[in-house]
Amino acid sequence: MMMSRLKKSILYWVLLSPLMIVILFPFGLMFVTAVRPRDELFVYPPRWTFSEFHWGNFVDMWGKTNFGGALLNSLYVSVSSTALALVLSIPAAYALSRHRFRGKGSYRNFLLMTQMMSPIVLVLGLFRLMVQFGLVNNLNSLVLTYAAFNMAFTIWMLQSYFNTIPRELEEASWMDGANHFVSLTKIFLPLAVPAMVVTGIFSFINSWNEFVLALTMIRSTENYTLPVQIFAQVAGRYQIEWHHVMAGTVLATVPVAIVFSWLQRYLIRGMALGAVK
Amino acid sequence: MKSALRSTPLLMILPSLGLAMFVIGYPIVDLAWTSLHEVSRFGQLRDFAGLYNFTDVFGEPLFYESLWRTIIWTVAVVGGTLLISLPVALVLNDDFIGRSLARVIIMLPWAISLTMTAVVWRWGLNGRAGLLNATLMDLHVIAEPIEWLATAPLAFTAEILIGILVSIPFTTTIFLGGLSSLPQDSYEASVVDGATGWDQFRYITLPLMKPFINIAIVLNVIYVFNSLPIIWVMTEGGPANGTDILVTYLYKLAFRFGQLGKASAISLIMFGVLLIFTALYVVMVMRAETDSTVDGEHKDDDVAA
Amino acid sequence: MASVEIRGVEKAFGAAKILHGVSIDIKDQEFVVLVGPSGCGKSTLLRMIAGLESISKGEIAIGSKVINKVPPKDRDIAMVFQNYALYPHMSVFDNIGFSLKLRKRTKGEIASRVQEAAEILNLQKYLQRSPRQLSGGQRQRVAMGRALVRDAQVFLYDEPLSNLDAKLRVTMRTEIKALHQRLKTTSVYVTHDQIEALTMADRIVVMNAGRVEQVGTPLQLYDTPANLFVADFIGSPSMNFIEGTLARSDIGVVVEAVDGTRLAAPQEFGGREGQKVVYGVRPEHFSLATGDAGSEAVVEVVEPTGANIEVFATLAAERVCAIFNQRHPFKPGDKIRLATDPDHVHLFDAATGVRL
């Protein structure tokens, strides 16, 4: 009755393969377009193959579009909003994990609600808010909003990891003569670093990929973040330089995809630990 | 010492609460206020208009069309996602050669922004040079290239399929988290009792996974219902508003046509819908939590109380 | 080193009351064990001494200084946790020396004192390892080392042996006791295992449902349990109980069980005729009788433990356990006669459970 491991593995791969092909299709497409000579973009009938690798497309794209600027903008927004979210989340997650206090339940439900609120529903209100503070077309409007929308997730993740650090460790350090500050800095935080790094990276990726708010708040080309930059290259244009667009998407997505793939097991663990709970 | 200790947790949550109130709380209030007023193109509030903006929205055929399409979009994407994700999670939860690679591939779409995915597919579905046509022609499935995005029904179908594709990783992750929490000894006991693989799925896995399936449904409904990038990037709700759902309609009203009163009314309606689903989710989460504390009970511990 | 005085201490979590006014005097250099079933409040009491739980009502004094408001770090107390609570990111050396480092001792002093503690606990070889690389017993020793490096006034132990296997538990039990005899530090030890309590304690505090049931030396508790709870909790296999009525007969005072069996009772006690009582006798205080002596019992199960045999039999309609150190060849169904020595019989009031 037991299938051999090899047979089972083959069966599973066969079962998964249609889905995998569809998932990998855009990656293949991105790549073959990004390195294709420009005059082979529109050939009839369309085909996968092309005459030569044209790596110059990347250089070309970098020079002709504002890719470098958008990259810096995206980096600035993602790093700052992640830092802000973490700075605000760490104490909150610590309080949720270690303290009993009045209003804890309502605070958790409030967090849940903010997690459910998608930016699109609030986008008009957010835009009006930023107008009032003169932050339209300012990258800091994105820093603030991304941090706020990521916070529910980061607090959640951090709390579930903090719960796995035994409370006794801090208690033991108090008995050893440490005050709360020393106990936090010498015992708790060193143990929490991996959790903070993982959570920070997920928050970074979320910010890196955000589209709706960036599209709304940012009005001028030089302040575009990557998703908006790429979108602007295809939106409402008669002639789209697809080889440049695909070169851009390759550069914007592949590094993130690699980091994400490396970290995804932590996400599954986080879910099992109670991110879903 | 006591009073200081009691106030510290509040001080610790206060900064995060402040930012969330400012960025998420304030706009809701502002939207509610705006929706009750006549608003100029440039956002100036004029006279109090009562529920005029709402009746205006309800008098618009495009609203109903978008609403109907939103329902189709949400049901189709969430349904398709669940149907694919559950078997995928079951397979990925089992041990087989190359499982970690398989997991990485299945999770890939999650890592990439919806915008980029949509841009790439828009190119892939291009009627003249799209490589989907190339592939299908090579396989002799079709003889002539198809203009996938030129007609609304075809474009909408394509968008739904892509919506499913990008929702699979998240859903599978929830299921994997759930599967990893299932008690292994129940399966061993059932084998001893003579259960087949199907029996195990039917009588152990499925009932135990139910809370996770419910959570996956609610979360996906919320995300999909709110998802703008795929449709916006691929067709911008076109051709001829034929792929508009509520969010694209809302976005157009607000930032293309400057009908801010109507747009805020729609925002508020959507907020209400979201609130209902969020409440549902909170109830589910609480139920799941009370369930899990029963078996996750601490050992001795007179302290817990 | 110091005494610990616990006076009328109460603990409530919201509406739930965990401790209802507990008073215990722990003398300087004493080794006191708090024992009781889980949920009895013993760990909460220990954590209150440590300063990890606030005191809802009453006082705790260490060395005659009330410490209700003193934070844990200033109480000069060392504690061994159930899960050891070793700092996973520090070596064994740093774990043991952490408290000294916090007290700003010189490197030389820390090194020599850690070394000294390590020698006492046989940990010299492991000082540079991380806790992860140690076995359960070794981790337990590190936790001990962390406590004894400090010269603290009081040692607290929170079920320190419950995560060890049975054999190691016995060894560590002896080691902890030997350590106490050497250092003489006042110790409060929490356990749910009455054997641990009996073997280690100078005095035992039996707790149940947030109250102290009895305080006394191990043998006091064993020989004269104050009530049914203590009688049942202390001793293994536990005391046999038979319900009955006090009566006077031709052979003196007896307890008449529900089925009419008459059981010999002590002649001097504080009960009255006709009183409903519980008759208690420890398994080792049964003897075999012949002729008319004793009462008839039917053997159900015989369990040899090597040194003894434990015989489970029905006596006066109750299942009782008797221990013999001769290897009697009993079989299930055999009829035997069991006699009790009135001097080793315990009588309790059936209604209140209090010893008569």
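Read the figures in this text as sums done on the coordinates, not as results from a lab. Source: prediction; values computed, not measured. Cβ atoms come from the backbone with ideal geometry, glycine included; neighbour counts cover every protein chain shown.
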Checklist outcome for this item: Under Stokes-Einstein, region A:36-108 at 37 °C and 0.692 mPa s, with its Kirkwood radius over C-alpha pairs, diffuses with a coefficient in µm²/s of 189
Checklist outcome for this item: Hull volume per residue for the protein assembly as shown, using the convex hull of the C-alpha atoms, in Å³ is 240
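Find out how many positive minus negative residues lie around B:A49, taking Lys and Arg as positive, Asp and Glu as negative, among other residues whose Cβ is under 13 Å from that of B:A49. Walk me through the intermediate numbers first.
Numbers: positive: B:R46, B:K262; negative: B:E38, B:D47, B:D56.
Around B:A49, the surrounding residues sum to -1.
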Checklist outcome for this item: Taking only the alpha carbons of region C:214-356, the radius of gyration and the largest Cα-Cα distance, Dmax, both in angstrom, are 14.9, 42
Item to check | Cα-based shape type of region B:1-114, given that a ≥ b ≥ c are square roots of the gyration tensor eigenvalues and the cut on a/c is 1.5 | outcome: oblate
Checklist outcome for this item: Here the net charge surrounding C:G136, from other residues whose Cβ is less than 11 Å away from its Cβ (Lys, Arg +1; Asp, Glu -1), is +2
Checklist entry - Which residues does a label at B:I97 reach in region A:1-45, if reach means a backbone N under 19 Å from a point 7 Å past the Cα toward the Cβ? => result A:2-18
Checklist entry - Regarding chain A, what are the three Cα extents along the principal axes, ordered largest first, in Å? => result 76, 69, 32
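Going by C-beta contacts inside 10 Å, put B:L246, A:L191 in order with the fewest on the left. Present the calculation step by step, with values, prior to reporting the outcome.
Values: B:L246 26, A:L191 18.
Sorted ascending by nearby Cβ count, the order is A:L191, B:L246.
Pick out the long, greasy-scoring helices in chain A: whole DSSP H runs spanning 24 Å or more along their own axis by Cα, mean Kyte-Doolittle at least 1.0.
Numbers: long enough: A:5-34 (40 Å, 1.54); A:67-98 (45 Å, 1.21); A:139-162 (32 Å, 1.02); A:189-209 (30 Å, 1.26); A:242-270 (39 Å, 0.86).
Qualifying helices: A:5-34, A:67-98, A:139-162, A:189-209.
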Checklist entry - Between region C:1-34 and region C:149-185, how many Å separate their Cα centres? => result 20
Checklist outcome for this item: Taking every DSSP bridge whose two residues both lie in the protein assembly as shown, the antiparallel percent to the nearest 5 is 80
Checklist entry - When N is the residue count of region B:79-261, what does its C-alpha Rg come to as a fraction of 2.2 N^0.38 Å? => result 1.28
Checklist entry - Which of these, C:V254, C:V212, C:V35, has the largest mean-square fluctuation under a Gaussian network model of chain C (Cα springs below 10 Å)? => result C:V254
Next on the checklist: Classify region A:157-257 from the C-alpha gyration tensor, please: rounded if a/c falls under 1.5, else prolate or oblate depending on whether a/b exceeds b/c.
Outcome noted: prolate
Item to check | Average beta carbon contacts from partner chains per residue of B:230-238, 10 Å cutoff | outcome: 2
Checklist entry - Can you sort C:T185, B:T115 so the residue with the fewest Cβ neighbours within 10 Å comes first? => result C:T185, B:T115
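Which of the helices in chain B, when you take each full DSSP H run, stretch at least 20 Å along the axis at their Cα atoms and have an average Kyte-Doolittle score of 0.5 or higher?
Values: long enough: B:2-20 (29 Å, 0.93); B:61-93 (47 Å, 1.37); B:152-180 (42 Å, 1.63); B:206-225 (27 Å, 1.79); B:260-295 (52 Å, 1.29).
Result, helices passing both filters: B:2-20, B:61-93, B:152-180, B:206-225, B:260-295.
Distance check, please: which entries in C:K73/C:K184; B:K210/B:K262; C:K57/C:K101; A:K104/A:K186; C:K125/C:K184; C:K65/C:K101 exceed 29 angstrom between their Cα atoms?
On the way: C:K73/C:K184 22 Å; B:K210/B:K262 39 Å; C:K57/C:K101 35 Å; A:K104/A:K186 27 Å; C:K125/C:K184 27 Å; C:K65/C:K101 26 Å.
Cα-Cα > 29 Å for B:K210/B:K262; C:K57/C:K101; rest within.
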Checklist outcome for this item: Pseudo-spin-label distance B:E60 to C:L219, built 7 Å along Cα→Cβ, given in nm, is 9.3
Checklist entry - When the label point is put 7 Å from the Cα of B:T196 along its Cα-to-beta-carbon vector, which residues of region A:1-30 have a backbone N closer than 11 Å? => result none
Checklist entry - When averaged across all projection directions, what area in nm² does the alpha-carbon convex hull of region B:89-183 cover? => result 7.9
Checklist entry - Considering every residue in C:152-162, what mean count of other chain Cβ atoms within 10 Å of its Cβ is obtained? => result 1
Checklist entry - Could you list, bin by bin from short to long, the percent of Cα-Cα pairs of chain B in 20 Å steps? => result 24, 48, 26, 3, 0
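Where does the charge balance sit around C:A316 when Lys and Arg score +1, Asp and Glu -1, over other residues with C-beta under 11 Å from its C-beta?
On the way: positive: C:R262, C:R319; negative: C:E243, C:E256, C:D259, C:E296, C:E318.
Around C:A316, the charge tally is -3.
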Item to check | Separation of alpha-carbon centers, region B:9-45 and region B:262-282, rounded to whole Å | outcome: 15
Item to check | Charge dipole (chain C, unit charges on Cβ, about Cα centre) - positive-most of C:I49, C:A117, C:G8 | outcome: C:A117
Checklist entry - Using a Förster distance of 60 Å, how high is the FRET efficiency between B:F257 and C:F13, based on the Cβ-Cβ distance and rounded to 0.05? => result 0.55
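Please get the size of the charge dipole for region B:79-261, origin at its Cα centre, with Cβ charges of +1 on Lys and Arg and -1 on Asp and Glu, quoted in debye to the nearest 20. Working shown, then result.
Values: 8 positive and 12 negative charges, 114 e Å.
Dipole size: approximately 540 debye.
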Next on the checklist: Residue by residue through A:123-135, how many Cβ atoms from other chains fall within 10 Å of the Cβ on average?
Outcome noted: 6
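Using only C-alpha positions, report the orientation-averaged shadow area of the convex hull of chain C, nm², one decimal. It would help to have the intermediate numbers written out before the result.
Values: hull surface 85.9 nm².
Mean projected area for chain C: 21.5 nm², to one decimal.
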Next on the checklist: I want to verify a result. In a Gaussian network model of chain B, Cα cutoff 10 Å, which of these has the top mean-square fluctuation: B:L36, B:L82, B:L228?
Outcome noted: B:L36
Checklist entry - Taking chain A as a Gaussian network, Cα atoms linked when under 10 Å apart, which of A:S207, A:S89, A:S97 shows the biggest mean-square fluctuation? => result A:S97
Item to check | Whole-angstrom gap from region C:254-300 to region C:203-232, using each part's C-alpha centre | outcome: 23
Checklist outcome for this item: The Kirkwood hydrodynamic radius of region A:106-193, taken as the inverse of the mean 1/r over all distinct Cα pairs, in Å, comes to 15.9
Checklist outcome for this item: Counted neighbours (other Cβ, 10 Å), sorted fewest up, put B:D138, C:D202 in the order B:D138, C:D202
